[in-house]
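To start, the structure itself, in C-alpha cells.
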Amino acid sequence: MVDEQKPCFSYETYHEGENKILKVSMETCTVPPSIEYSDVCLSKIIDLLLENSGVTTIILTQQREYEYDFSQTKLLIELATFYRRLNRENRSSYAHLITNPLTERYVRGGYAEFQRLISKKLKDDPFAAYVQLKRLERQEKLKLETSIDPRQMAAQERFVQIIQNVSGLCEQLQLIALLLPFSKEYHLGERVIYGNVFRPTTRPDFMYTKLVTEFPEGDLLETYTFNAGPDTCEVNIFQPENDIKTIYHLTPPEFQFSEDEYGLLDDAKRIMSEHKPTREEFVDPQRMREVFLSIGKDLLHDLITQRNYNLNDDKVDQLAQALLRYTVGFGLIELILSDPKVQDVNINAPNGELPLFIVHQDYGDCATNIYPTRLEVESWATKLRLISGRPLDEANPILDTELKVTGFSSRVSAITAPLSPNGLAFSFRRHRDYPWTFPLYLQPKIRFMDPLAAGLISFLIDNNATILVAGTRSSGKTSFLGSILVEIMRRIRVLTIEDTFELPQESLRKLGYNVESLKVASALSSPGSEVEPSIGIRSTLRLGDSAIFVGEVRSKEAIALFEAMRVGAAANVVAGTIHADSPYGVYDRVVNDIGVPKTSFKAIDVIITVNPVISGLKKFKRILRITEVRKEWDEDPLKEGAFVDLMVYNPITDTLEITEELRNGNSDILKRMAGRVKEFSGDWNAIWNNIELRGQAKKAIVDQALETQNPVLLEADFVIRANDQFHLISDAVKERRGKLDTAEILLQYTSWLKREARKKKSL
C-alpha cells in the first residue's frame, strides 16, 4: 500500500543503526506536516511518543519527508513525559480542590481554565499553555489579595500554590527554556516562535538524502551560483556564531519544484526503479546515463500527457536530470561535485547522523546542510561495485575507483566494515575540469608559487629532470604533477602510470598530447587481474623514448620507478608524487621504509615539497621548497650535504625566496643540464636569464588575464598554445641572432600574447 492510501497519522517504527525512527504518514491529512506550525500535528505526535518508547527520530511524510533529529525529538519526549505525569500521576495532588464542596465554589472558574491548559493546551501549544498559566497565577493571586472569607483565602492560597508548582515545572522543560529568550515579541497563539527550536531536515519523496533548508544563524560570508547541466544551484557560505565551523549551504533545484512536479518525479522514479541496471550496463556508465536520461524524458512526457500538465521542454529536461540523479546517479553528490570550487567530498559513518563534509577552494573544510541516509549510502556502494567491477564487503573492505559524469570526474575511495566498524564511508576527490597550469597557480588569489619558481621548474622540465613532488595528504601533489604535464612539449610522448586515474590524461589527449595511460593494481586492493605497479613501471622502459609520470609512489614500485629515473635521466622527464614533508622525509620513506638502494635514490634530481600553510583558521597550499639532490654522498645525504635548497618558502612574507646557492649559481643539477646545451654551457648568466625569461612569460599570461578580465587565458588550452609559441619564438630568435636574446624573445612573446588576448576578448 502506498503512502497516499494510509490514514492520516498512521505510523510505523523501525531501526536504523542505533536510531529508532517514528515515521508518520500525513499524505491524507489536511493539516501541514509541521510540529512547529500545526497544533494538531504536535498534539498527535505527543500521543504517539506516549505510545512508543525509545524514539530518537521523527519523520513526517506529505509529498516530502520532514525529519526531526534526536535533539529535537528529545524535547518532545520530555514534554510528553511531563504531560503524562501531570495528567495522570500528579492529578490526585490537586483534584481535591474541585471535589471538596467547601472549596470547589471558590476556585471553580480558575480551575476549569487550569484543567484546559494542562490537559489540552500543554500538548498542542506548550509555550502558550505556560504563558496562560502565568496569567492565571496573577489572576488568582489578585483574588487572594482581595478575599476576606477565610475559607476562600485558604482555597485560593492552595490553588495559587498548585499553579505556581506547575508553571515552575514548565520552566524546567528544556523546550520552554529554549523559547523564553524569544518571548519578548511573542503574541499568544502565534506558533512562529517554535521555528526557533524545531527545524526539520526535508526532502522530496523521490530523494533519500536529507537536507536542512533553514539557514544557520551567523555571518553570511558569500553567495554564489553554479551550473550543473540545465540546473542552477545556489550556495551560501555561513560562519555560525560562536563556532569555528564553516557551513556550506546548498539549495538544489529539486527544492524549487512545484508539488505537481514532485508527484511526477515520485511516480516516474517508482516506475524506473523496477529496472535494476546490470553489471554490463555499468561497463560504460556514461552511455548508460544517456540511455536512462532518454527513457526518463519519454516517461515524464507520458505522465505529463496523462495528467494534462503544461510543462515546457526546459522544465522536462530539468526533471529528467533530477530523475537520473536519484535512480542510476549519486543524488546530491553529483550537484556538489559540479561546483568548481569544491575539491573533496567526505561521507562519514554512521550514515544519517553526520552531515556531508567538503573541502572548499576558498574556505577549506566545511560542514554542509546535507545528511546522506543509510539507504542512500548503500545505493552508492552498489553502484560503485558495478562501475568498478570490484568487491566492497567484509573480505574486501576497501574500494578505489573513478566516477565520471558530464561536468566533473572524481576519484572515489570507499571503506566498510570491519575497517570502518560503523558502516560505509566515502571520499570523493573532485578532479578539475581542465588541468592546473602554472599561470593558474600564479594568480594573486592562489599564489601557490611565484614567477621565478615557475621559470625554474619550467627550465628543469625542458632539460629532462627527474622530479619527485612530495607533500602530505591533500597538499595538492597530484594537481601540481598535472600542471608539470602541461609544461611538457606536445611533440613528446607521455606515459602515465596510476592505480586510480587522477592525472588529466583525457583532457591532455583532447589538447593534442601523445599520452598513453597505464592502469595498475592499487596497493590497498586485493589481488586481481590488474598488473602490479612495479611491472607497469618496468613495462614503460620497453615502450620507447617517453616522459614517464607516476601518479603516486606508495610501495615496492618505487624500486622500479628509480630504475626508470636512472634510465630516463639522459632521455626525458620522469616525475611522480610521494607522501613526505621534506627532502629527508622522501629519503627516509624511499630508502628506509620501501627499500630502494641508496645509489638508486641518487637518480632524483629535484624534490619539490608542497604543503598547506596555516594562517588563523585558513589553510593555503604553497610550494615550500625546491631542493636539488646532489650525487656526491655515500651514507647519509642530510649529513653529507646532498640536499641543497634552491628556493625556500618564507612564512613571514608568504613568498618563495631564492637561496644563496641558486643566486650564486651553486647548483650541480643546473650546471649539469647546461652542459648539454650549447647556449648555456659554462655560462651561468645565460642559465639565469633563461629561468627569469620563463618566469616572466608565465607572469605575462596572468597579467593579460587580469587586464582583459578573461580567466580563460589561464587554462590549459591557451597556456599550451602560449608554451608552444614561446619555444617557436625562442628558436627563431636563436637562429636569427645566434643566441637566446632574452629581451627580443620576451618582446615578441608579449606582443603575440596581447594579440591573442584581444582576439579571445572579442570572441
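The values are calculated or read from the model by the stated rules, or taken from the named source; none is laboratory data. From a predicted model like this one, the values you see are computed outputs, not experimental measurements. Glycine gets a Cβ as well: all are built from the backbone with ideal geometry, and neighbour counts include every protein chain shown. Note: accessible area is taken over every heavy atom of the protein model, side chains too, but ligands, DNA and RNA are not part of it. Shrake-Rupley method; radii C 1.70, N 1.55, O 1.52, S 1.80 Å.
A count restricted to region 339-364 and to residues that are of a type outside the set (Val, Ile, Thr) and under 8 Å from the mean Cα position of the chain (by Cα) stands at 6. Kindly establish whether THR57 is under 23 Å from ASN351 (Cα atoms) and touching an Asp or Glu at 6+ places or on another chain (Cβ under 8 Å). So THR57 passes the test.
Keeping to region 414-430, report how many residues are open to solvent by less than 30 Å² (accessible area, probe 1.4 Å) and either within 30 Å of LEU713 (Cβ to Cβ) or of a type in the set (Phe, Trp, Tyr) (or both). Within region 414-430, residues that are open to solvent by less than 30 Å² (accessible area, probe 1.4 Å) and either within 30 Å of LEU713 (Cβ to Cβ) or of a type in the set (Phe, Trp, Tyr) (or both) number 3. For region 485-500, a residue qualifies if it is surrounded by 24 or more Cβ atoms within 10 Å (Cβ to Cβ) and at pLDDT 90 or above, and the qualifying residues are LEU485, VAL486. Residues in region 155-192 that are surrounded by 16 or more Cβ atoms within 10 Å (Cβ to Cβ), of a type in the set (Val, Ile, Thr) and under 38 Å from the mean Cα position of the chain (by Cα): 1 in all. Say whether the condition of being crowded, with 16+ Cβ neighbours inside 10 Å, closer than 25 Å to ARG509 by Cα and among the small types (Gly, Ala, Ser) is met by at least one residue in region 729-736. Among the residues of region 729-736, not one is crowded, with 16+ Cβ neighbours inside 10 Å, closer than 25 Å to ARG509 by Cα and among the small types (Gly, Ala, Ser), which makes the answer no. Considering (1) within 29 Å of THR416 (Cβ to Cβ); (2) crowded, with 20+ Cβ neighbours inside 10 Å; (3) at pLDDT below 80, the lone condition that LEU503 does not fulfil carries the number (3). Residues that are open to solvent by 50 Å² or more (accessible area, probe 1.4 Å) and assigned to a loop (DSSP other than H, G, I, E, B) were ranked within region 193-213; the one that is modelled with the lowest pLDDT is TYR208.
Residues in region 695-703 include none that are farther than 23 Å from LEU440 by Cα and of a type in the set (Lys, Arg).
The residue that is least open to solvent (accessible area, probe 1.4 Å), counting only those in region 13-64 that are farther than 20 Å from PHE198 by Cα, over 35 Å from the mean Cα position of the chain (by Cα) and among the polar types (S, T, N, Q), is ASN52. Counting only strands (runs of 3 or more DSSP E) that sit wholly inside region 413-530, those with at least 2 residues that are touching a Ser or Thr at 6+ places or on another chain (Cβ under 6 Å) and closer than 19 Å to LEU656 by Cα are 466-471. So, in region 285-295, of the ones that are farther than 22 Å from THR209 by Cα and charged (D, E, K, R), which residue ends up most open to solvent (accessible area, probe 1.4 Å)? It comes out as ARG287. Restrict the check to region 707-724 and report whether at least one residue is of a type in the set (A, V, I, L, M, F, W, C), open to solvent by 20 Å² or more (accessible area, probe 1.4 Å), farther than 22 Å from ILE461 by Cα and under 44 Å from the mean Cα position of the chain (by Cα). Checking region 707-724: at least one residue is of a type in the set (A, V, I, L, M, F, W, C), open to solvent by 20 Å² or more (accessible area, probe 1.4 Å), farther than 22 Å from ILE461 by Cα and under 44 Å from the mean Cα position of the chain (by Cα). The residues of region 66-75 that are closer than 12 Å to THR201 by Cβ, surrounded by fewer than 21 Cβ atoms within 10 Å (Cβ to Cβ) and charged (D, E, K, R) amount to a single one, ASP69.
Looking only at residues in region 559-605 that are among the small types (Gly, Ala, Ser), touching a strand residue (DSSP E or B) at 6+ places or on another chain (Cβ under 8 Å) and modelled with pLDDT under 85, which one is surrounded by the fewest Cβ atoms within 10 Å (Cβ to Cβ)? Among residues in region 559-605 that are among the small types (Gly, Ala, Ser), touching a strand residue (DSSP E or B) at 6+ places or on another chain (Cβ under 8 Å) and modelled with pLDDT under 85, the one surrounded by the fewest Cβ atoms within 10 Å (Cβ to Cβ) is ALA569.
Scanning region 214-242 for residues that are outside any strand (DSSP E or B) and open to solvent by less than 60 Å² (accessible area, probe 1.4 Å) yields a count of 1.
Inclusion of ASP298 among residues that are open to solvent by 30 Å² or more (accessible area, probe 1.4 Å) and part of a helix (DSSP H, G or I) is warranted. Restricting attention to region 540-550, does a residue exist that is open to solvent by less than 10 Å² (accessible area, probe 1.4 Å), touching a Pro at 6+ places or on another chain (Cβ under 9 Å) and modelled with pLDDT of 65 or more? For region 540-550, residues open to solvent by less than 10 Å² (accessible area, probe 1.4 Å), touching a Pro at 6+ places or on another chain (Cβ under 9 Å) and modelled with pLDDT of 65 or more: present.
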